[in-house]
Amino acid sequence: MHIGFLGLGNMGGPMARNLLKAGHTLTVFDPSPLATAALVELGARTTNGPAELARDGVAAIITMLPTAAHVKDVYLGAEGLLANVNRGVLLIDSSTIDPLSAREVAKAAAAQGNPMLDAPVSGGTGGAAAGTLTFMVGGTDSAFDHAQPLLAAMGKNIVHCGASGNGQVAKIANNMLLGISMVGVAEAMALGVSLGMDAKVLAGIINTSSGRCWSSEINNPFPGVLENAPASRGYSGGFGTDLMLKDLGLATEAARHAKQPVVLGAAAQQLYQTFSLQGYGGLDFSAIINLFRREA
Ligand code: NAD
């Protein structure tokens, strides 16, 4: 299939490469010439913007952009996708944005005859490179069926979460829980060690007991507990504190609109915000444990 792809950053670049590997042809656009050149070298065509890309005979368009403002600009702007794309072309936005914006853009697309899915991902840059991302997808059944083979070239788990916007709902609910659970594990590990426990023994107990979760078992925040976790390499790589902060902001903002209390989500957001303000926004989010450790 001939696919348009916009946003060739840390996630979009490797996702686009996997589409090429699967035999699709691509027209790509990113304002960064470096990001574009890497895909052109592999055989993709490029254009000078969303409008030209939309008119380049594409059967589907995928976007992987930083924020809702970028998504609205690329889809709804005068020189954007909707003003230029043919009726019937499938649109897939994999950026992580708030559900209300996702629904607003999908509604505008549907009104002019373009099925649109929100399909945010989890799995990080490693999953994007390996083609093992999880896609949480919101939209109609027929658009979901149509998108399956494309998403399967970039991911392993492709889950239809319901109507438009529900992919984003699933993503921000999960990441809010992840942000909270990491703070909980950080507090518990710091408490146990400060009271005299060995960190590895304590983690072993938690991981065979009721406190077990992804943050304790796979990404334990205490240095030295897991050899391959960011905590054991100075919190480099992994999922950046500022990306977690972005997702918690989306969750608390969506909660505010729905008048839905998210007491722990809001508290976690403030903790990551404090940590980011101290200059650590680039560290893996498990580094939040340093807020609770005297020797850090
Ligand atoms: P990034 O900043 O590395 O890449 C974004 C790309 O979009 C950049 O190359 C930028 O030049 C491009 N861009 C900006 N404006 C554009 C436009 N008008 N048209 C086309 N391209 C444009 O970000 P990323 O890490 O790839 O993340 C992309 C999205 O995926 C974000 O919404 C993020 O929250 C989400 N996400 C990221 C991760 C991760 O681990 N990095 C994991 C899951 C989800």
First in segment 109-125 and more than 16 Å from GLY155 (Cα to Cα), second anywhere and among the hydroxyl-bearing types (Ser, Thr, Tyr), Cβ under 9 Å, 6 or more apart: ALA109/TYR75; ALA110/THR140; ALA110/SER164; PRO115/THR140; PRO115/SER142; MET116/TYR75; MET116/SER164
Of SER209, SER216, SER286, SER236, which residue is farther than 24 Å from SER194 by Cα and among the hydroxyl-bearing types (Ser, Thr, Tyr)? SER236
Being more than 23 Å from the chain's Cα centre (by Cα), crowded, with 16+ Cβ neighbours inside 10 Å and in contact (Cβ under 8 Å) with a residue 24 or more places away in the chain narrows it down to one residue among LEU26, LEU82, LEU90; which is it? LEU82
Six or more apart or on different chains, Cβ atoms under 6 Å: show the pairs whose first residue is in segment 226-240 and among the polar types (S, T, N, Q) and whose second is at pLDDT 95 or above. SER232/PRO223; SER232/GLY224
Filtered residue count, segment 54-90, keeping only those that are more than 10 Å from the ligand (Cβ to nearest atom), touching a Ser or Thr at 6+ places or on another chain (Cβ under 8 Å) and either assigned to a strand (DSSP E or B) or over 22 Å from LEU26 (Cβ atoms) (or both): 2
Helices (runs of 4 or more DSSP H) contained in segment 155-271 and holding at least 3 residues touching a strand residue (DSSP E or B) at 6+ places or on another chain (Cβ under 8 Å) and over 15 Å from ASP284 (Cα atoms): 166-194
Restricting segment 6-27 to residues that are more than 9 Å from the ligand (Cβ to nearest atom) and touching a Leu at 6+ places or on another chain (Cβ under 7 Å), the one nearest to VAL85 (Cα to Cα) turns out to be THR27
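Answer with yes or no whether ASP93 is in contact with a His (Cβ under 9 Å, 6 or more places away or on another chain) and either outside the structural domain of THR47 (by TED's automatic domain parsing) or within 15 Å of the ligand (Cβ to nearest atom) (or both).
Details: in contact with a His (Cβ under 9 Å, 6 or more places away or on another chain): no; either outside the structural domain of THR47 (by TED's automatic domain parsing) or within 15 Å of the ligand (Cβ to nearest atom) (or both): yes.
So ASP93 does not fit the description; no.
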Find all pairs meeting these conditions: Cβ atoms under 9 angstrom apart; at least six residues apart or on different chains; first residue within segment 128-148 and free of Cβ contacts under 8 Å to residues at least 40 places away in the same chain and assigned by TED's automatic domain parsing to the domain that holds ASN10; second residue of a type in the set (Asp, Glu) and buried (at least 23 other Cβ atoms within 10 Å of the Cβ). MET136/ASP118; VAL137/ASP118; GLY138/ASP118; GLY139/ASP118
Being crowded, with 19+ Cβ neighbours inside 10 Å and part of a helix (DSSP H, G or I) is the filter here, so list the residues in segment 106-130 that pass it. ALA106, ALA109, GLY127, ALA128
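The values are calculated or read from the model by the stated rules, or taken from the named source; none is laboratory data. This is a predicted model, so every value here is computed, not measured. Note that each Cβ is placed from the backbone with ideal geometry, even for glycine, and that neighbours are counted across all protein chains shown.
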